[in-house]
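Working notes, beginning with the structure itself.
Please treat every number below as a calculation from the coordinates, not as lab data. Computed from a predicted structure; not experimentally measured. Quick reminder, even Gly has a Cβ in these numbers, built from the backbone with ideal geometry, and neighbours come from all protein chains shown.
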Amino acid sequence: MSTMITLAVIAVLIIFIVGIYNRLVALKNRFENSFAQIDVQLKRRYDLIPNLVETAKGYIKHERETLEAVISARNEAAAGLKAINGDPSNGAAMASLMDAEGGLASALGRLNVVMEAYPDLKANENMMQLSEELTSTENRVSFARQAFNDAVMEYNTYRESFPTIALAAAFGHPTSATLLEFENREALEEAPKISF
């Protein structure tokens, strides 16, 4: 009889441990998938920026430094995204991406200020279309970032609760995931105001 009880306890314990493992894997896959959505939207934005700069070049020839700063910031942000390389749990790479995104937002802001002085550029149909696409993409990035951060919070909460925390490292989940937040978070939470 005691052997049966011991086997039952061991079976329940194994089922419990397997349940913890499976939930950790499911939550990690969820936040990685959420980051994949951010990846798609950021790449879309990075593809739009050269078109925006190219359209602006013809109108603001005397603002070469600003245009070069935007392209440089775009390239740095794209490199930061590539550095994550499908592993959004890499805290250092995530921090690098957040810094690069802050630099890109700043460069785009300076470009917007410069473009305000060029009414012909603001009225250009191609520029208006690019502006609309960029605004739409920024909104998608914001929604995808919120979904990612929600998934990360759920994963971290489960990973850091007891008894999961005692088993997480053994199951290949040694650290918590990093939230994706930008330096000027308050400004980015509002819809971008891009007017050309």
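With r defined as the distance between the Cβ atoms of Asp120 and Leu179 and R0 fixed at 41 Å, what FRET efficiency is calculated, to the nearest 0.05? Write out the running numbers ahead of the final one.
Details: r = 42 Å, r/R0 = 1.02.
According to the calculation, E is roughly 0.45.
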If the chain between Arg23 and Ser2 were fully extended at 0.36 nm per residue, the gain over the current Cα-Cα distance would be 4.4 nm
For the pair Ala170 and Glu154, the simple spin-label estimate (label points 7 Å beyond Cα toward Cβ) gives in nm 2.6
Over the Cα atoms of the chain, Rg to Rh with Kirkwood Rh, two decimal places? 1.19
Specify which residue in the list Met127, Leu42, Ala147 is farthest towards the positive end of the charge dipole of the chain, using unit charges on the beta carbon of Lys, Arg (+1) and Asp, Glu (-1), about the Cα centre. Ala147
Given charges of +1 on the Cβ of Lys and Arg and -1 on the Cβ of Asp and Glu, with all other atoms neutral, how large is the dipole of segment 2-189 about its Cα centre, in debye to the nearest 20? 580
Candidate span helices, the chain: DSSP H, at least 27 Å along axis from Cα coords, Kyte-Doolittle average at least -0.5, result 2-57, 64-84, 91-115
Can you list the lysines whose alpha carbon is less than 17 Å from that of Lys28, not counting same-chain residues fewer than 8 positions off? none
For Cα pairs less than 8 Å apart in space and 6+ apart in sequence, what is the mean separation divided by the residue count of the chain, i.e. the relative contact order in percent? 32
Taking the Cα of Gln129, stepping 7 Å toward and past its beta carbon, and measuring to each backbone N in segment 31-49: which are under 16 Å? 48-49
Using a Gaussian network model of the chain whose springs link C-alpha atoms within less than 10 Å, name the residue from Lys82, Lys43, Lys61 with the highest mean-square fluctuation. Lys61
Any idea how far apart Lys61 and Ile10 come out in nm if each label point goes 7 Å out from Cα toward Cβ? 8.4
Ala92 to Val113: extension gain in nm, 0.36 nm per residue of separation minus the Cα-Cα distance? 4.4 nm
Based only on the alpha carbon positions, what is the Kirkwood hydrodynamic radius of segment 70-184, in angstrom? 16.5
